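Report on one structure; see the data block that follows.
Only the coordinates and a few stated rules stand behind these numbers; no lab work does. Nothing here was measured: the structure is a model prediction, and the numbers come from that model. Glycine gets a Cβ as well: all are built from the backbone with ideal geometry, and neighbour counts include every protein chain shown.
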Amino acid sequence: MKQETTEISANDKTLAPATLKETFSRADNYDIFLMTVGTIAAVGSGVMMPISNVLFGDIMDELNGDPDLVGKVQDGMGRKFGDFIFNIVQFFASIIISFYLSWKLSLVLLVSIPAVMAAGYYLVMTVTAAQQEALSQYAKAGGLASQTFGAIRTVNALNVQPSVISQYRRYLYEAMIVGIRKGVNVGLGNGALYAALFLTNALCYWYGGELVADAAERNCFSDRCVSGGDVMAVFFCLIMGSMALGQAVPPLTTFSAARIAVSHILETVNRKPLINSLSDEGLKPDIKCRGDIEIKNLEFAYPSRPSLMVCKNYSLSIKAGETVAFVGASGCGK
């Protein structure tokens, strides 16, 4: 008895963890190749998200910080376009395979496709709309923070920190409300989707069982007869196909919005300014400019308010080297 106890204790000793080299010691060249490719792909995938964020910021700078246009283009040219192709191909492939397995069961289950598609469409649309609205609020908050930090001296000089903080909190509060509304819509969408799935499941089992029983009564066990596996395959094909069709509509809408946004961007990029500040053409003074500035009897009104004269018979003289500050409320004609 003592001898058995000694043997068990000896075999029960704690082993030291293997080293990294020992862990992969049994890997052959093919395993090492696959792990190397996977590691490089994982590293590239992890780096791409920060890089895409940098490119996103650069594009915003080029477009004068308009996050709405940039976001629409990013959505339409990014993953959602691939999702649209994926979902459309999945839908048609599912329909073809299900009819190949059992055209009778497929015809009966086709009546459930609109319900499943509508539930999936509602779920995807509500989530997408909530995400876009939340991103819009976060973009506004980020833009406000960027403008504040860029003009921090002016903010401190005018003592508008409480106003900026209050506006920043308002954006975040609206994003929180959007998140709450998103949770409610996701719950409703999931409830409708699973209800449609369970009802379709019941219809499939009922009619599929009838077809399998009919084949058994006729002693038909060939590939042309419906089996239990065919029933399940048809069910999942039609369910996945109908869900894919419902999920293909939102990316298509996003792609249409991206096309409109790209037209605005191309208009900005291809626009030729009336005044080219980099051109060397034009008249050049022959004498050296002293730098004196003089304004006599200036009259000015904004085009939106032509009847309200901002400057009337305004005269000003600034000598070379002088520092002059224009101070006044917004809209006073500075």
Seminar exercise, completed: In Å, the C-alpha Rg and Dmax of region 101-255 are 25.9, 92
Exercise. In nm, to one decimal, how far is the modelled label at residue 170 from the one at residue 96, with both set 7 Å along Cα→Cβ?
Worked result: 5.6
Problem set entry | region 134-225: C-alpha pair distances exceeding 21 Å, % | 63
Exercise. Size of the dipole of region 104-240 about the Cα centre, Lys and Arg at +1 and Asp and Glu at -1 on the beta carbon, nothing else charged, in debye to 20?
Worked result: 860
Exercise. Taking the highest mean first, how do the peptides 147-156, 181-190 order by number of other beta carbon atoms within 10 angstrom per residue?
Worked result: 181-190, 147-156
For this session: Evaluate Rg over Rh across region 190-239, taking Cα atoms for both radii and Kirkwood's formula for Rh.
Result: 1.09
